[in-house]
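The values are calculated or read from the model by the stated rules, or taken from the named source; none is laboratory data. What you see is a predicted model; the values in this text were computed from it and never measured. Cβ placement follows ideal geometry from the backbone for every residue including glycine, while neighbour counts extend to all protein chains displayed.
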Amino acid sequence: MKRIAVLTSGGDAPGMNAAIRSVVRTGLHNGLEVFGVSRGYAGLMAGDMVLMDQRSVGDIIQRAGTILRSARSEEFKTEEGQKKAVEQLEARGIEGLVVIGGDGSFRGARSLSKWGVKAIGIPGSIDNDIPCTDYTIGFDTAVNTALDAITKIRDTASSHGRVNVIEVMGRRAGFLALTAGFAGGAEHILIPEVPFDLDEVCQKIIEGYKRGKTHNIIVVAEGVWGYQGPERPAGESVGFRIGELVREKTRLETRVTVLGYIQRGGAPTALDRILGSRFGARAVELLLEGKAGRMVGIIGDQIKDFDIDYALEQTKNVNLDYYRIARILS
C-alpha cells in the first residue's frame, strides 16, 4: 500500500482533528502518502482532496470541529454516487480509506468496501451510540459541556426556586443525557431507553417543594419523542413541550434551556484527544496489515477492531446502573 485517504462525515465531534492528525502522521511515518478529503463523501465524489504533510495537521489537536469539514450526501447513497467516489480514489491510486464519523458514515464505508475499497471506520460522535466501543470520539467533551451548563443552571435555579428543564442532544439515544444528568445531580433524567410517567415526575416535584426543596433539574434527551412522553406539536423541541406540561401540572415557575449545538463545540478533553490519536494510529496499522471493512473501538482500555458489518447489526445499550443510582441519589 502506497497511498491512503482520510475523511470526516456526518456530525462533527471534538477530537476528530486529533484523529486526522494521527492518521496523517502515522501514515507518513510508515512511508505512505496521505490525502485529506474535504466535505466527507460529497467531497470524495467531487475529487475534493489534497496531499497532506506533517505541517498540514500542525496545531490542530486542541481544536474542535474538523479541518477537513463535513457534509451529508444523499447522492452517495446511490450506486452512481458510490461509483464516482471509487473512480476518484482509483484515479489517484489511493488504496485505503479511513472514515471518521457515526453510523451513517460507517454505512458509507461498508458500501465502498463492497466496491473493493479498503475502508476502516473510526467512531466519531457526541451521541456515543455506536456499538463495539465503550466511547466514541467527542462524547466525553460533549458530556463535560452539558455538565458545565447543568451546574450553572443549578446555581440560578436555587436562587429563584424554579424548575429547570435542560434538553441535550443524542439523537435517539440517551447516553449523553444520562451521563451528564447523573454527574450533574439532576433530580429527573428522561431518556428514550427508560419509560417514564410525566405525571409521576410532576408529583415528585410538587412533593419536593412541600419539603422545602428550592429547585428541580430535569435533563431531557432530545430522542424521547417517538419513544415515550407526550405528543409533540410539529416543529417544537422536546424540552419546550415538556417544560409547558410541567408548568401546567405543577403550577411552578419553569424555565427551559436547549443546549443544542454548543455541545458539538469546545476544545476536546484529554480523553477525546488521546482516543482520537489512538484510533487514528490503529486505523492506519490495520490498512498496512491488509485489513478492510473494519472499525476500531475501545473496550476497557484496549483498542480493538471489529467487522463493520457485525458492528452495524449490533445495538448499544445505556448503562442502566447509572440510571438506578441517579434515581436513588436524587
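Figures for the structure shown
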read-out: Odd one out for residue 75 among (1) modelled with pLDDT of 95 or more; (2) within 24 Å of the chain's Cα centre (by Cα); (3) of a type outside the set (Lys, Arg); value: (1)
read-out: Selection from segment 259-277 of residues that are surrounded by fewer than 18 Cβ atoms within 10 Å (Cβ to Cβ) and at pLDDT 95 or above; value: 267, 270, 271, 274
read-out: Verdict on residue 241 being assigned by TED's automatic domain parsing to the domain that holds residue 116 and either within 17 Å of residue 127 (Cα to Cα) or among the charged types (D, E, K, R) (or both); value: no
read-out: Cβ-Cβ under 8 Å pairs, at least 6 apart or on other chains, segment 66-81 side in the same structural domain as residue 105 (by TED's automatic domain parsing), far side aliphatic (A, V, I, L, M) and in a loop (DSSP other than H, G, I, E, B); value: 67/60
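Matching residues to (1) at pLDDT below 95; (2) in the same structural domain as residue 103 (by TED's automatic domain parsing); (3) among the charged types (D, E, K, R); (4) surrounded by 18 or more Cβ atoms within 10 Å (Cβ to Cβ):
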| site | (1), (2), (3), (4) |
| --- | --- |
| 283 | no, yes, no, yes |
| 287 | no, yes, no, yes |
| 295 | no, yes, no, yes |
| 299 | no, yes, no, no |
| 302 | no, yes, no, no |
| 305 | no, yes, yes, yes |
| 319 | yes, no, no, no |
| 327 | yes, no, yes, no |
| 330 | yes, no, no, no |
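Residue-wise test of (1) closer than 21 Å to residue 33 by Cβ; (2) touching a residue at least 60 places away in the same chain (Cβ under 8 Å).
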residue: 90; (1), (2): yes, no
residue: 97; (1), (2): yes, yes
residue: 105; (1), (2): no, yes
residue: 108; (1), (2): no, yes
residue: 111; (1), (2): no, no
residue: 114; (1), (2): no, no
residue: 124; (1), (2): no, yes
residue: 131; (1), (2): no, yes
residue: 155; (1), (2): no, no
